[in-house]
Amino acid sequence: MSLKYKTRLSSKLFCLTLIFVTLLSGCEKLVTVPDPVTQLVSNSVYSNDATAAAVLTGIYGKMSGDYDMASGYTGVSLLMGLASDELTGYTTDLTQSAFYTNRFAGGADFWNAPYQYIFVANAALDGVNNSTTISASLKQQLLGEAKFMRAFMYFYLVNLYGDVPLVLGTDYKVNAVVTRTAKETVYAQIVQDLIDAQQRLSDDYRAPDNKTTTERIRPNKGAATALLARVYLYMGKFPEAESEASLLINNAGKYNLVQDLNNVFLKNSNEAIWQLYPSTPGYNTQDGVHFVLTDAPDNYTNTVSISPSLISSFEAGDSRRSNWVGSITVDKKTTYYYPFKYKLYNYGDPVNEYVMVFRLAEQYLIRAEARAQQNNIAGAQADLNMIRNRAKLPNTSANTKSDLLSAVLQERRIELFTEMGNRWFDLKRSNLLDQVMSVITPLKGGVWTSDRKLLPIPLTELQRNFNLTQNPGYVGR
């Protein structure tokens, strides 16, 4: 990143922080949005290109910080990795034990942050649509980004909580009494938003001033396509999933598998489809800070390590094992393993790594699974082998639909470990969560029951809105 771009970005980030905090102060929770304040902010924010763009870019900056859903100590990668079979405790007093033992009672949750972002996206859609002073090209870009961000947040909400309120506006009177919407309806809205986003977003990546840039930190058409491919796969729409993934795989001018595994997670890697720019001053990614073990456990920074289950699942000779897994030996007797995809974790390290949200390797695995589901055995094998061969593994021996689906699931486990909750979602959508966690959870000191497939809705939300109901198996309505 050039010094000029960094300076311009820092200035924009300062401005957008003021705007973003003001907006979020009006949506402390889902149902407490004071209409007059929101309207005042909207009128001023969407009066020119710079401040209008800052509203959306503010979301991306905030997402990459610690204590947020996308990265770090309370991020979906760490917490859902603990909840599944990817991570175990490194500390004896694991502060995230509710996720580790699958109790999910209290502590961090992934409800409030997504709905705050959804509110900002909804406000942006209103403000941008109503503005007569924003340039036409920027207006299309911002509308696309807002639709994409709303779809992204709903994807995580519906996969973590099941049926969730579908909020498409900023009227606090409506939001205050909203009920839960069937997940099928939420998915339909996600698809509609992503198709709309594809039509509006640029193929290129855009800087804060809306000029073309090499920085892959604002969603473009590729990001909307990547999420749409994943959504179609989850919905069982396999021809559509294959088609969307192919759009990215065939775009070799922009996206390619990075052959050196140590370079995959670098900023603006050719494999990256969408990344998040580090927003914690002095650090690269918060995942790097919290995953890399360098010293004795401290109950905050170094709290988790890779589970024996995940370590033992690597095939002999898999270069991902040697490049993406680190180790530390404590007291000369106990060796712990940790995710080492992000390698820069010290304060003051040059900013060379960004949080990876979507990358091309996942699209190969999406297409492999979609092709296997359609009995395209050779096509599924070819896609699977692209990932295996990069990891210095031989071609897959799977040659039936059933074996290929199992092979893809295993490859996803190894390729995408500790990335944005993929393992938990894979087990859940494959109807394997009960089978796996009934074995794993007791080893973690917990008791597995099928209702743990969904997280509990925060009690504060149930108290605010009596039309909401709790998920089965949890205290509260």
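The values are calculated or read from the model by the stated rules, or taken from the named source; none is laboratory data. No experiment lies behind these values; they were computed from the predicted model shown. Positions of Cβ are generated from backbone atoms using ideal geometry, with glycine treated the same way; all protein chains shown enter the neighbour counts. Protein only, heavy atoms only, side chains kept; ligands, DNA and RNA dropped before computing areas. Shrake-Rupley method; radii C 1.70, N 1.55, O 1.52, S 1.80 Å.
Under the condition of being among the aliphatic types (A, V, I, L, M) and in contact (Cβ under 8 Å) with a residue 40 or more places away in the chain, which residue from segment 156-172 is surrounded by the fewest Cβ atoms within 10 Å (Cβ to Cβ)? It would help to see each step written out before you state the result.
Pass one, segment 156-172, residues among the aliphatic types (A, V, I, L, M): 157-158, 160, 164, 166-168.
Imposing the further condition that a residue be in contact (Cβ under 8 Å) with a residue 40 or more places away in the chain reduces the set to 157, 160, 167-168.
Numbers: 157: 23, 160: 24, 167: 20, 168: 12.
In this case the residue turns out to be 168.
Here residue 295 fulfils each of the conditions (1) under 24 Å from residue 407 (Cβ atoms); (2) in a loop (DSSP other than H, G, I, E, B); (3) open to solvent by 60 Å² or more (accessible area, probe 1.4 Å) apart from (1). Residue 153 meets the conditions (1) in contact with a strand residue (DSSP E or B) (Cβ under 8 Å, 6 or more places away or on another chain); (2) hydrophobic (A, V, I, L, M, F, W, C); (3) buried (at least 22 other Cβ atoms within 10 Å of the Cβ) in every case but one. The failed one is (1). Scanning segment 366-406 for residues that are more than 21 Å from residue 264 (Cβ to Cβ) and among the hydrophobic types (A, V, I, L, M, F, W, C) yields a total of 8.
Applying the selection to segment 331-362, what residues are basic (Lys, Arg) and either modelled with pLDDT of 95 or more or within 20 Å of residue 387 (Cβ to Cβ) (or both)? 341, 343, 359, listed by residue number. Among the residues in segment 268-288, are any modelled with pLDDT under 95 and more than 25 Å from residue 114 (Cα to Cα)? Looking for residues that are modelled with pLDDT under 95 and more than 25 Å from residue 114 (Cα to Cα), one finds at least one in segment 268-288, hence yes. Scoring residue 449 on the criteria (1) open to solvent by 40 Å² or more (accessible area, probe 1.4 Å); (2) in contact (Cβ under 8 Å) with a residue 60 or more places away in the chain leaves a single failure, condition (2).
Based on what the data block shows, is residue 441 part of a loop (DSSP other than H, G, I, E, B), touching a residue at least 40 places away in the same chain (Cβ under 8 Å) and among the polar types (S, T, N, Q)? Can you show your working first?
On the way: part of a loop (DSSP other than H, G, I, E, B): no; touching a residue at least 40 places away in the same chain (Cβ under 8 Å): yes; among the polar types (S, T, N, Q): yes.
Answer is no for this residue.
In segment 92-104, the condition of being open to solvent by 20 Å² or more (accessible area, probe 1.4 Å), in contact (Cβ under 8 Å) with a residue 60 or more places away in the chain and within 30 Å of residue 132 (Cα to Cα) is met by no residue.
Just one of (1) closer than 17 Å to residue 156 by Cβ; (2) open to solvent by less than 10 Å² (accessible area, probe 1.4 Å); (3) not aromatic (Phe, Trp, Tyr) fails for residue 74. It is (2).
Which residues, taken from segment 423-439, are under 24 Å from the mean Cα position of the chain (by Cα) and either farther than 30 Å from residue 179 by Cα or among the hydroxyl-bearing types (Ser, Thr, Tyr) (or both)? Talk me through it step by step, then tell me what you get.
Of the residues in segment 423-439, the ones under 24 Å from the mean Cα position of the chain (by Cα) are 423-434, 436-437.
Within segment 423-439, 430, 436, 437 qualify.
State all residues of segment 323-356 that are open to solvent by less than 60 Å² (accessible area, probe 1.4 Å), not in a strand (DSSP E or B) and not aromatic (Phe, Trp, Tyr); if no residue qualifies, say none. Those that are open to solvent by less than 60 Å² (accessible area, probe 1.4 Å), not in a strand (DSSP E or B) and not aromatic (Phe, Trp, Tyr): 323, 341, 343, 344, 348, 349, 351.
Say whether the condition of being under 17 Å from the mean Cα position of the chain (by Cα), closer than 23 Å to residue 312 by Cβ and surrounded by 22 or more Cβ atoms within 10 Å (Cβ to Cβ) is met by at least one residue in segment 390-413.
Here is the first cut: in segment 390-413, the residues under 17 Å from the mean Cα position of the chain (by Cα) are 412-413.
Those left that are additionally closer than 23 Å to residue 312 by Cβ: 412-413.
Okay, now just the ones that are also surrounded by 22 or more Cβ atoms within 10 Å (Cβ to Cβ), so 412.
Within segment 390-413, one or more residues are under 17 Å from the mean Cα position of the chain (by Cα), closer than 23 Å to residue 312 by Cβ and surrounded by 22 or more Cβ atoms within 10 Å (Cβ to Cβ).
Within segment 115-128, one or more residues are open to solvent by 10 Å² or more (accessible area, probe 1.4 Å), among the aliphatic types (A, V, I, L, M) and modelled with pLDDT of 95 or more. Taking first residues from segment 367-384 that are touching a residue at least 12 places away in the same chain (Cβ under 8 Å) and in a loop (DSSP other than H, G, I, E, B) and partners that are of a type in the set (D, E, K, R) and open to solvent by 10 Å² or more (accessible area, probe 1.4 Å), the Cβ contacts under 7 Å between residues at least 6 apart in sequence or on separate chains come to 375/401. Within segment 176-211, the set of residues being within 20 Å of residue 240 (Cβ to Cβ), of a type in the set (Gly, Ala, Ser) and open to solvent by 30 Å² or more (accessible area, probe 1.4 Å) comprises just one member, 188.
Screening residue 457 with (1) within 18 Å of residue 105 (Cβ to Cβ); (2) open to solvent by 20 Å² or more (accessible area, probe 1.4 Å) gives one miss only, at (2).
Kindly check whether there is at least one residue in segment 143-150 that is more than 17 Å from the chain's Cα centre (by Cα) and open to solvent by less than 40 Å² (accessible area, probe 1.4 Å).
Initial filter on segment 143-150 (more than 17 Å from the chain's Cα centre (by Cα)): 143-144.
Now narrow it down to the ones that are open to solvent by less than 40 Å² (accessible area, probe 1.4 Å): 143-144.
The answer is yes, given that some residue of segment 143-150 is more than 17 Å from the chain's Cα centre (by Cα) and open to solvent by less than 40 Å² (accessible area, probe 1.4 Å).
Scanning segment 212-226 for residues that are under 17 Å from residue 138 (Cα atoms) and surrounded by fewer than 16 Cβ atoms within 10 Å (Cβ to Cβ) yields a single hit, 212.
Cβ-Cβ distances below 7 Å connect the following pairs, each with a first residue in segment 202-222 that is under 16 Å from residue 269 (Cα atoms), a second residue that is open to solvent by less than 20 Å² (accessible area, probe 1.4 Å) and aliphatic (A, V, I, L, M), and a separation of six or more residues or different chains: 213/207; 215/207; 216/272; 217/276; 219/201; 220/201; 222/248; 222/273. Within segment 257-286, the set of residues being under 25 Å from residue 388 (Cα atoms), in contact with a strand residue (DSSP E or B) (Cβ under 8 Å, 6 or more places away or on another chain) and either open to solvent by 50 Å² or more (accessible area, probe 1.4 Å) or in a helix (DSSP H, G or I) (or both) comprises just one member, 266.
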